[in-house]
Amino acid sequence: MTITVGVLALQGAFFEHIQLLKKATETASPSEWHFIEVRTPQELSTCDGLVLPGGESTTMSLVAARSNLLEPLREFVKVDRKPTWGTCAGLILLAESANKTKKGGQELIGGLDVRVNRNHFGRQTESFQGPLDLPFLGADAQPFPSVFIRAPIVEKILPHHEGVQTEETQQEDVIVAPSRKVRDSVAQAATADEVEVLATLVGPAARSATEGQDGDPDKEVGDIVAVRQGNVFGTSFHPELTGDARIHAWWLQQVQAAVLKRNKLKQ
Ligand code: GLN
């Protein structure tokens with residue numbers, strides 16, 4: 001089976017993602033993988049899965065609009081329901097709602113029924129890194145070296161999309177993504193998925209985040225930093241800046257499973 005995975009290459013850390021995706025598939029895999037940089041709707045149309053890198057979500061969204069990519073991206077994520085992973089700025093773009101955003105200044109793609117709080121930990125100088133427990137990598141997995149750079153967190157899980165617009169649009173600095181109708185039965189099934197919280201910021205990584213501040217790193221429920229809803233996965237931090245390919249390998253397994261499922265249903 002040949003699988004093509006794209007990395008949105010309009011701005012930000014796309015090169016690093018491609019490197020780690022390649023590293024993640026160095027060991028024997030039943031599929032043949034192609035990793036491509038995506039800058040046009042044509043390139044996107046060849047992809048089975050997509051990564052949206054970290055960087056600056058406002059810039060990415062403006063360049064995507066100028067490149068006529070916003071609508072194809074929404075189709076990819078919310079109509080075709082293909083596997084999509086956003087890191088940091090990428091997570092912001094995949095949220096149905098984001099705050100600390102100028103009205104009219106940024107458009108979202110959506111797909112995750114969450115509201116993110118941009119720049120949650122403050123400015124560039126408040127960036128930090130630390131070992132983070134990621135239970136989805138396995139019960140015995142070593143902590144993941146997570147890098148947070150002007151990172152967002154998921155501050156609220158929203159009701160399924162219909163309910164989002166009215167409540168969310170009433171707030172001043174909150175923007176929401178436009179809704180979409182799914183195309184086929186595979187996509188239809190995916191819309192029934194709920195948001196799963198895959199990781200929260202507690203323990204050592206939270207201690208790095210709250211150094212010199214009032215936060216409580218030992219609180220039992222930390223900030224949400226990784227979520228999945230059906231075909232859409234988002235992380236607040238930057239696995240592509242660590243050299244650790246475990247999350248990339250885990251996500252590529254999901255991509256492979258999704259492609260297999262779609263092929264089977266089409267037969
Ligand atoms: N704060 C950035 C934004 O709002 C995200 C930072 C990042 O991706 N490292 O887009």
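Values in this text are rule-based calculations from the coordinates and carry no lab data. The structure presented is a predicted model; accordingly, all values stated were derived computationally and were not measured. FYI the Cβ positions are ideal-geometry reconstructions off the backbone, even for glycines, and counts take in every protein chain you see.
A few notes on this one:
- With the simple model of a label 7 Å out from the Cα in the direction of the Cβ, Ser45 to Arg123 spans 4.6 nm.
- His34 long-range amide H proximity, modeled H, under 5 Å: Ile3, Thr4, Val5
- Each peptide in 237-248, 26-37 gets a packing score, the mean of other Cβ atoms within 10 Å over its residues, and the list from highest to lowest is 237-248, 26-37.
- Computed label-point distance, nm, for sites Glu71 and Thr59 using a 7 Å Cα→Cβ extension: 2.7
- Long-range HN-HN contacts of Leu198 with modeled amide H, under 5 Å: Ala226, Val227, Arg228
- Whether segment 1-83 is rounded, prolate or oblate, judged on the alpha carbon gyration tensor where a/c under 1.5 counts as rounded: oblate
- Whole-Hz Karplus values for segment 61-70 come out as 5, 5, 5, 4, 5, 5, 8, 6, 9, 4 Hz, taken residue by residue from phi with 6.51 cos²θ - 1.76 cosθ + 1.60 and θ = phi - 60°; glycine and proline positions read x.
- Ordered by the number of other Cβ atoms lying within 10 Å of each residue's own Cβ, fewest first, Asp173, Asp193 fall into the sequence Asp173, Asp193.
- Which listed pairs, of Lys23/Lys78; Lys156/Lys264; Lys78/Lys156, have C-alpha distances above 25 Å, in listed order: Lys23/Lys78; Lys156/Lys264
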